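**Student:** Okay, handing you the structure first.
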Amino acid sequence: MGSITETRSEAYLYKHAHSNDSYLTVEAGSGLYLKLSDGREILDATGGAAVSAIGHGNKRVQKAIVAQLEQVEYCYPGFFKTACAQQLADHLVKSTNGKMVRAAFLGSGMKLLSKGARYIDISNRTVGSEAMEAAMKLARQYFLELSAETPRYRFIAREGSWHGATIGTLAIGDFKARKWPFEALLSDNISRVSACNPYRGMKTGETSTDYISRLAQELEDEFQRVGPDTVCAFIAEPMVGTTLGCVTALPGYFQAIRDVCDRHGALLIFDEVMCGMGRTGTLHAWEQEGVVPDIQAIGKALGAGYAPISALLVNERVIAGLKQGGGDFSHGQTYQSYPASCAAALEVQKIVEEEDLLANVRRMGHYLGSLLHDRLDSHPNVGNIRGRGLFWAIEFVADKISKTPLDSRLGVAKRLSSTGLKEGYDISLFSASGSADGWHGDHVLLAPPYTISANDVEEIVKRVCRVIETIFDDLGGKSKIINGYGKANGCDSVEVVNGVGH
């Protein structure tokens, strides 16, 4: 047996079973940059997966974590709470201006609802998946507390959504590439309706009002199909992240959806794990929609990467339902309320507030969007540039008019991220595929920290453009990129070699 400090690359498993050689080793992080073991510095333009909201290496947060560890490193949330958990709950509830009444951070078997307490049990969850799964359980239990004979057990979600990697959240999500191997394990009480995706969903000549009405009617029809009294909740990301690439709904869409849910007594659950906690320019993404959910999941930017934590926020309707029954939420995990995570998240949120970082998100987000449009709107393979705050995406197509996606054999999404990490480009990009129909369509996301400057924005755009130019030059020239049906964009014929047009 080797020493505990001995490095064996084959021992580490994240995704690839064959080799870990493709992973770069990070030795340090500071601000917008990650320093690698080979001496290079990578511009982290996506904060991982929209996580690093205040940049790397923040000393205030580091000190807060150490201070908490020096006080107590762990206490079982079924018996105890800590001051940092209580303070974080108070801070988050206050941030909603009374719209959400509890930072409902999910404790199993606890007397959660003591009079006047905002704290339920701050949930330290390794990823947002667990927060969304807990949201589903909370919605179901809400109706059980109202009536033990409730027929409500179904959920309606949207196409092109991503809510997590657990079995429960895979079922409500629609990230096909990650979901299909596990289809046989997934429950069948989930159905889906179309997302509000103006770029790909609106029909020619259709007005925004007509489009919203059509989507609302589709949801109404789905309620009727499955039985209105069987639905616990409708689930949606206010701004779709990974799967569709920073898609915002048209103004008025979520109010129309809320009206349908209210008509049938169903809850509205917002998944703000990726788009929330300031990413879009307001602390809560729903603030820009004018619609408040019944249950809200948050994560990623909550702890900004300094500790794994996600959570739920809950409104008075749901809390009143729990009180009507036994008063306890039947959910619990060993590392809920983990003190160091709560301390980290609390300090992160204090920094966001004290340094007025949301204002910078709005300013720099507007600048980032304008530069992306200026530099890339004319590119023949850039179909759409969209975003809000510091959450932007570029969707690539074979043809701008028809919006035909690029041939999936080209692997453009993977090429974007892998090329960015090569020497000379030195930028981390979060790319994904499936934005067109779940399987086809390539896009790249940008989600830099809230602390960036105008110079940082310019450097990000410069490097992104360099990567894009290289990718499409390597694929045979911008006028010869084949589409999803094997035809050439701008060419009468094309020779296809390994899926690449020449």
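The values are calculated or read from the model by the stated rules, or taken from the named source; none is laboratory data. Because the structure is a prediction, the values reported are computed rather than measured. Glycine also receives a Cβ, built like all others from the backbone with ideal geometry; neighbour counts cover every protein chain displayed. Accessible surface areas use protein heavy atoms only, side chains included; no ligands, DNA or RNA. Shrake-Rupley method; radii C 1.70, N 1.55, O 1.52, S 1.80 Å.
**Student:** So what is the relative contact order for the range 188-258, in percent, with contacts set as C-alpha pairs under 8 Å and at least six apart? Don't jump to the answer; show the numbers that get you there.
**Tutor:** Details: 42 pairs, mean separation 28.0, N = 71.
Relative contact order for the range 188-258 comes out at 39 percent.
**Student:** Of Leu69, Cys246, His366, whose Cα points farthest to the positive end of the dipole of the chain (charges on the beta-carbon: +1 Lys, Arg; -1 Asp, Glu; origin at the Cα centre)?
**Tutor:** Leu69
**Student:** Using modelled amide H (1.01 Å from N, peptide plane; none on Pro or chain starts), what sits under 5 Å from the amide H of Ala233, excluding residues fewer than 5 places away?
**Tutor:** Counting only residues 5 or more places away or on other chains, the set is Ile156, Leu267.
**Student:** Are there trypsin sites (Lys or Arg not before Pro) in the range 164-253 that DSSP marks as loop and that have at most 12 other Cβ atoms within 10 Å, and which are they?
**Tutor:** Details: sites: Lys176, Arg178, Lys179, Arg192, Arg200, Lys203, Arg214, Arg225; in loops: Lys203.
In loop regions of the range 164-253 (DSSP not H, G, I, E or B), the sparsely surrounded trypsin sites (Lys or Arg not before Pro) are Lys203.
**Student:** If contacts are Cα pairs under 8 angstrom and at least 6 residues apart, what is the relative contact order of the range 237-316 in percent? Display every interim value, and only then the final one.
**Tutor:** On the way: 123 pairs, mean separation 21.0, N = 80.
With pairs under 8 Å counted, the relative contact order is 26 percent.
**Student:** Related question: In the range 389-485, how many lysine pairs have Cα atoms under 17 Å apart, counting only pairs 8 or more places apart or on different chains? Display every interim value, and only then the final one.
**Tutor:** Working: Lys400/Lys478; Lys400/Lys480; Lys403/Lys478; Lys403/Lys480; Lys414/Lys422; Lys422/Lys462.
Qualifying lysine pairs in the range 389-485: 6.
**Student:** Express the accessible area of the range 167-236 per residue in Å², computed with a 1.4 Å probe while the remaining protein chains stay in the model. Before the final figure, lay out each step's value.
**Tutor:** Details: 3250 Å² over 70 residues.
With the other protein chains kept in place, the range 167-236 gives 46 Å² per residue.
**Student:** Could you provide, to the nearest whole Å², the per residue accessible area of the range 277-422 with probe 1.4 Å?
**Tutor:** Each residue of the range 277-422 exposes 34 Å² on average to a 1.4 Å probe.
**Student:** Still on this structure, please answer the following. What is the calculated FRET efficiency for Tyr12 to Ala148, with r their C-beta to C-beta distance and R₀ = 35 Å, to the nearest 0.05? Numbers along the way, then the final one.
**Tutor:** Details: r = 48 Å, r/R0 = 1.37.
The computed FRET efficiency comes out at 0.15.
**Student:** Additional query: Out of Val352, Met274, Ala304, whose Cα points farthest toward the positive end of the dipole of the range 241-367 (charges: +1 Lys, Arg; -1 Asp, Glu; placed on Cβ)?
**Tutor:** Positive-end residue among those listed: Met274.
**Student:** Could you calculate the contour length gain from Tyr74 to Ala454, that is, 0.36 nm times the residue separation minus the distance between their Cα atoms, to one decimal place in nm?
**Tutor:** On the way: separation 380, 0.36 × 380 = 136.80 nm, distance 4.14 nm.
Gain on stretching Tyr74 to Ala454: 132.7 nm.
**Student:** Calculate for the chain the 222 nm mean residue ellipticity that helices alone would give, adding -39,500 (n - 2.57) per DSSP H run of length 4 or more and normalising by residue count, nearest 500 deg cm²/dmol.
**Tutor:** Numbers: 14 runs with 169 residues, N = 502.
Helices in the chain give a 222 nm mean residue ellipticity of -10500 deg cm²/dmol.
**Student:** Where Lys and Arg each count +1 and Asp and Glu each count -1, what net charge lies around Ala256 among other residues with Cβ under 13 Å from its Cβ?
**Tutor:** Details: positive: Arg214, Arg258, Arg263; negative: Asp210, Glu218, Glu220, Asp259, Asp262, Glu289.
Net of charged neighbours comes to -3.
**Student:** Taking amide H positions as placed 1.01 Å from N in the peptide plane, with prolines and chain starts having none, which residues 5 or more places from Val382, or on another chain, fall under 5 Å of its amide H?
**Tutor:** Result for Val382 returns Val397.
**Student:** Counting every Cα pair in the range 205-274, what percent are over 16 Å apart?
**Tutor:** On the way: 1244 of 2415 pairs.
Every Cα pair in the range 205-274 considered, those over 16 Å come to 52 percent.
**Student:** Then there is this: Report the FRET efficiency, 1/(1 + (r/R0)^6), for Ser30 and Val66, where r is their Cβ-Cβ distance and R0 is 25 Å, rounded to 0.05. Kindly include the intermediate steps, with their values, before the conclusion.
**Tutor:** Working: r = 18 Å, r/R0 = 0.73.
The value I calculate is 0.85.
**Student:** Would you mind telling me the antiparallel percentage of the DSSP bridges in the range 142-259, rounded to 5?
**Tutor:** On the way: 2 of 9 bridges.
Roughly 20 percent of the DSSP beta bridges within the range 142-259 come out antiparallel.
**Student:** For the pair Arg225/Arg466, report the inter-label distance in nm, with labels modelled 7 Å from Cα in the Cβ direction.
**Tutor:** 4.9
**Student:** Using θ = phi - 60° and the Karplus form 6.51 cos²θ - 1.76 cosθ + 1.60, what ³J(HN,Hα) does each residue of the range 374-379 get, whole Hz, x for Gly and Pro?
**Tutor:** With the stated coefficients, the range 374-379 comes to 4, 7, 10, 4, 7, 5 Hz.
**Student:** For the chain, with all protein chains present and a 1.4 Å probe, just round the carbon and sulfur fraction of the accessible area to a whole percent. Numbers along the way, then the final one.
**Tutor:** Working: 10800 of 21390 Å².
Taking all protein chains in place, the chain shows 50 percent carbon and sulfur surface.
**Student:** Right, next: Could you work out the longest stretch of the chain that avoids the chymotrypsin sites (Phe, Trp or Tyr not before Pro) located in DSSP loops with at most 11 other Cβ atoms within 10 Å? Intermediate results must be reported in sequence, preceding the final value.
**Tutor:** On the way: sites that count: Tyr12, Tyr14, Phe79, Tyr485.
In short, 80-484.
**Student:** Could you list which residues have their amide H under 5 Å from that of Arg102, counting only those 5 or more apart in sequence or on another chain, with H placed in the peptide plane?
**Tutor:** HN-HN under 5 Å from Arg102: Val314.
**Student:** Which entries of Lys203/Lys300; Lys81/Lys300; Lys59/Lys99; Lys35/Lys63; Lys176/Lys300 show an alpha-carbon separation above 29 angstrom in the structure shown? Provide the component values of the computation, followed by the final result.
**Tutor:** On the way: Lys203/Lys300 35 Å; Lys81/Lys300 23 Å; Lys59/Lys99 33 Å; Lys35/Lys63 21 Å; Lys176/Lys300 22 Å.
Cα-Cα > 29 Å for Lys203/Lys300; Lys59/Lys99; rest within.
**Student:** Which whole-number percent gives the relative contact order of the chain, counting Cα pairs below 8 Å spaced six or more residues apart?
**Tutor:** On the way: 1058 pairs, mean separation 97.0, N = 502.
Computed over the chain, the figure is 19 percent.
**Student:** Determine which aspartates and glutamates satisfy two conditions relative to Lys350: a Cα distance under 18 Å, and not lying fewer than 8 residues away in the same chain.
**Tutor:** Within the straight-line cut-off, Lys350 pairs with Asp90.
**Student:** Would you kindly derive the ³J(HN,Hα) couplings of the range 453-463 from the backbone phi angles with the Karplus curve 6.51 cos²θ - 1.76 cosθ + 1.60 (θ = phi - 60°), listing them in order in whole Hz, with x for Gly and Pro?
**Tutor:** 9, 4, 5, 5, 4, 5, 5, 4, 5, 4, 6
**Student:** Per the Cauchy relation, a quarter of the hull surface: what is the mean projected area of the convex hull of the alpha carbons in the chain, in nm²? It would help to have the intermediate numbers written out before the result.
**Tutor:** Numbers: hull surface 100.7 nm².
For the chain, the mean projected area of the Cα convex hull comes to 25.2 nm².
**Student:** What are the ³J(HN,Hα) couplings of the range 164-171, residue after residue, when phi is run through the Karplus curve with 6.51, -1.76, 1.60 and θ = phi - 60°? Round to Hz, x for glycine and proline.
**Tutor:** x, 10, 6, 4, x, 7, 4, 5
**Student:** Looking only at the range 244-369, where both bridge partners belong to it, what percent of the DSSP beta bridges are antiparallel (to the nearest 5)?
**Tutor:** Close to 50 percent.
**Student:** Oh, and also: With both partners inside the chain, how many of the DSSP beta bridges are antiparallel, as a percent to the nearest 5?
**Tutor:** Details: 34 of 52 bridges.
So the antiparallel bridges in the chain amount to around 65 percent.
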